[in-house]
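Enquirer: I am attaching a structure below and will ask some questions about it afterwards.
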Amino acid sequence: MNLSKIFANVFEVPELKKRLLFTFALLAVFRLGAHIPTPGINVAALSEFFQRAQGTMFGFMDAFSGGALSKLTIFALGVMPYISASIIMQLFTVAFPSLEKLAKEEGEYGRKKINQYTRYGSVALAFIQALGIAIGLQGMKSPSGIPVVPNPGFTFIFVCVTTLVAGSTFLMWLGEKITEHGVGEGMSLLIFAGIVSRIPSSVINVITQFKSGELSLFKLIGIILIILTMTALVIYVEMAERRVPLQYAKRSAPQVGGTYTSFLPIKLNPANVIPIIFAASIMMFPATITKFIHTAWAQKIAHILTPGTPTYLIIYGVLIFFFTYFYTAVIFNPEEIADNLNKAGGFIPGVRAGKDTIEYLDRIVSRLTFAGAVFLTAIAIVPLIIMQRMHFPFYFGGTALLIVVGVALDTLRRIEAFALNVSYEGFLGKRKRRRRTGFGGVR
């Protein structure tokens, strides 16, 4: 992937230029809405509270909303309700045969129905989250004792819930429009934009600490080296895959014999960042609940589950391993792949069709899943150890890094693939264009 040629020629394709500008415009709308506060909130008191809420569900959701939750803006919930609903629907598709049949056998109609159910689920989750946040905010005070909601009551709850649900629903629509008319996967790009928007403030914070003497030159160099190393590692793992060789019998004509070869790509980390999100959500839930309970046992639980403690790191790592294997089993079915190969007249060289193919694919996936689980655990835990044990102001965690790198690579692939539709060799070769007849056709 030659990035210099991609960026040098990206605006020479009119339709691609139009799609990119459309994407940037909608992302700008998203960032604008992330600065419009919800009515009835004392933003200063809420920001003060969030400075002490790191390691809870609030801090986790705030990172994905690009800081919108800490200011309780109209986009405070971000696209997390939609992401959660999508994951739940994916699990339900495996658990319930009727949904599995709808997704696999009904074609475009089935896909639209699944998307419709996902939208309904995201609105329901957004309502539940917004209601919980509104009720919780009414009794919340900043560390200095200032109420977050100056005038609590039914009116505030109604306005807050309506605003947050409408904002989350609008973002869901915005993401779908980016996917349909822009470049890249819309929901992922919204999360990407939210995370990237916080990088400048983090960089300024590090520079300020360095100038004031709070951060030594040695630690500053260490932060830069760690970020570069983690970025390179994430890029390598995201692009790594095991290519299982395949052979198919030629069926183009009775008189034509022989075979042609292909391969089955299996990613080193097929579960991507989903196991970390699951594990972090479970770990942060008790910490969030104990924020509202001021008993001795609640504070003890909060201390044990504080990010960076040995107990937290052990449980967190075990959960990441479990969800990596669980989610990989959900999205990768060796029996289904073996059956599809058999129907298409394909086979793996040296491996018998049927049970042997299933066992062969299962062994490969098990080994790759173990390597992926080790990688995800390290990328999630190492930044916590750095922050808590070495007192580094490490603002770019492993989860955010995985999302940013994964979305960036996926978007670049989509841009290059789109370019191949309008040129013989895309951005990576000669710019010899075909004369276009419309959006979908060339001649």
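Enquirer: Averaging over every viewing direction, what projected area does the convex hull of the Cα atoms of region 60-141 cover, in nm²? All intermediate terms of the calculation are to be shown ahead of the outcome.
Expert: Numbers: hull surface 25.5 nm².
Convex hull of Cα atoms, orientation-averaged projection: 6.4 nm².
Enquirer: Under the rule of at least 5 residues apart or a separate chain, name every residue whose amide H is placed under 5 Å from the amide H of THR73.
Expert: THR38
Enquirer: For region 289-382, what does the alpha-carbon gyration tensor say about shape, rounded, prolate or oblate, given a ≥ b ≥ c as the root eigenvalues, a/c under 1.5 as rounded, and a/b over b/c as prolate? Numbers along the way, then the final one.
Expert: Details: a/c = 5.45, a/b = 3.27, b/c = 1.67.
Prolate shape, in that a/c is at least 1.5 and a/b is the bigger ratio.
Enquirer: Can you list which of the GluC sites (Glu not before Pro) found in region 172-219 are DSSP loop residues with at most 12 other C-beta atoms within 10 Å?
Expert: Hits after loop and neighbour filter: GLU214.
Enquirer: Which number do you get for Rg(Cα) / (2.2 N^0.38 Å) in region 86-208?
Expert: Against the empirical 2.2 N^0.38 Å value, I get 1.42 for region 86-208.
Enquirer: Report, in listed order, any pair from LYS101/LYS343; LYS267/LYS355; LYS141/LYS300; LYS104/LYS355; LYS71/LYS112 with a Cα-Cα distance greater than 24 Å.
Expert: Correct reply: LYS71/LYS112.
Coordinate-derived values only; no laboratory data. If you're wondering where the values come from, they're calculated on a predicted model, not measured in any experiment. Neighbour counts run over all protein chains shown; Cβ positions are idealised from the backbone, glycine included.
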